[in-house]
1. Among the residues of the stretch 5-63, how many are modelled with pLDDT of 80 or more and in contact with a Ser or Thr (Cβ under 6 Å, 6 or more places away or on another chain)?
2. The conditions are (1) at pLDDT below 90; (2) in a helix (DSSP H, G or I); (3) acidic (Asp, Glu), and residue 194 fails exactly one of them. Which is it?
3. Here are the criteria: (1) farther than 20 Å from residue 184 by Cα; (2) in contact with a Pro (Cβ under 8 Å, 6 or more places away or on another chain). Tell me which single one residue 92 does not satisfy.
4. Quick one: in the stretch 89-114, which of the residues that are surrounded by 13 or more Cβ atoms within 10 Å (Cβ to Cβ) and among the aliphatic types (A, V, I, L, M) is nearest to residue 48 (Cα to Cα)?
5. Restricting attention to the stretch 175-187, and to residues there that are in contact with a Gly (Cβ under 9 Å, 6 or more places away or on another chain) and not β-branched (Val, Ile, Thr), which single residue is nearest to residue 130 (Cα to Cα)?
6. Can you pull out every residue in the stretch 158-180 that is under 21 Å from residue 121 (Cβ atoms) and in contact (Cβ under 8 Å) with a residue 60 or more places away in the chain?
7. Residue check: is residue 137 modelled with pLDDT of 90 or more and either more than 15 Å from the chain's Cα centre (by Cα) or surrounded by fewer than 15 Cβ atoms within 10 Å (Cβ to Cβ) (or both)?
Amino acid sequence: MFGDEDEGSVFGRLGMMIAERFGFIAPLWIVKRPESLTIVDYRPTFTMFLTVAGFVVLLIGFVLVFLKIDTAVSFGLWAIGIPAACCVIFLFRGTIRETYYFDRTTDSYSFVRQFIHRREVIEGAMSQFTGAYVKTEENDDSTSYYVMLKQDGLFMTGATEQALRENVPIFNSFDREARIANAISGFLHSKPTDPGPHL
């Protein structure tokens with residue numbers, strides 16, 4: 001399936017080591033069963049991560065300013081309240097979890113993007129997919145990895161492949177995306193289990 005990516009720079013390896021250490025903060029679960037595959041991805045996008053961190057810092061600042069009795073309290077509350085309101089708006093734009101279900105018994109797939117206020121579900125026939133692989137995109141200062149789904153026909157967008165996740169999450173690494181792609185490809189190419197003779 002997919003091997004390791006090139007060694008890369010020292011900073012790239014250091015970043016991967018840090019991501020491995022703190023990966024438990026945003027887990028990636030892959031549950032394989034004979035007739036189904038479930039992938040639960042709790043990794044937020046970088047924007048969502050910064051928004052949550054900023055909101056927590058502003059909330060702590062709000063409590064500290066509110067508890068302080070001073071003439072500058074009202075100015076402090078406004079100075080904290082306006083950025084906090086911006087953070088709340090961004091909180092509603094990002095996903096908190098993405099879940100991918102593949103079911104061989106019903107030949108179906110279901111991709112669920114969970115937002116704070118709504119749920120987005122994409123469903124269809126699993127047999128349309130022929131495999132998955134990791135696509136690498138290099139920018140001037142960063143490298144991003146995407147799990148791409150392949151099929152023989154065209155997707156609704158008119159392409160023969162589509163990214164499983166639209167926005168790059170934090171802790172995005174070749175190894176993590178390869179785990180997802182390997183699980184999907186392995187499940188799509190594995191044969192149904194034989195239930196055995198009926199008595």
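1. Here the count works out to 4.
2. (2)
3. (2)
4. 91
5. 185
6. 164, 165, 167, 169, 180
7. yes
The values are calculated or read from the model by the stated rules, or taken from the named source; none is laboratory data. The shown structure was predicted, so the numbers you read here are calculated from the model rather than taken from an experiment. So basically every Cβ, Gly included, is an ideal-geometry build from the backbone, and we count neighbours across all protein chains shown.
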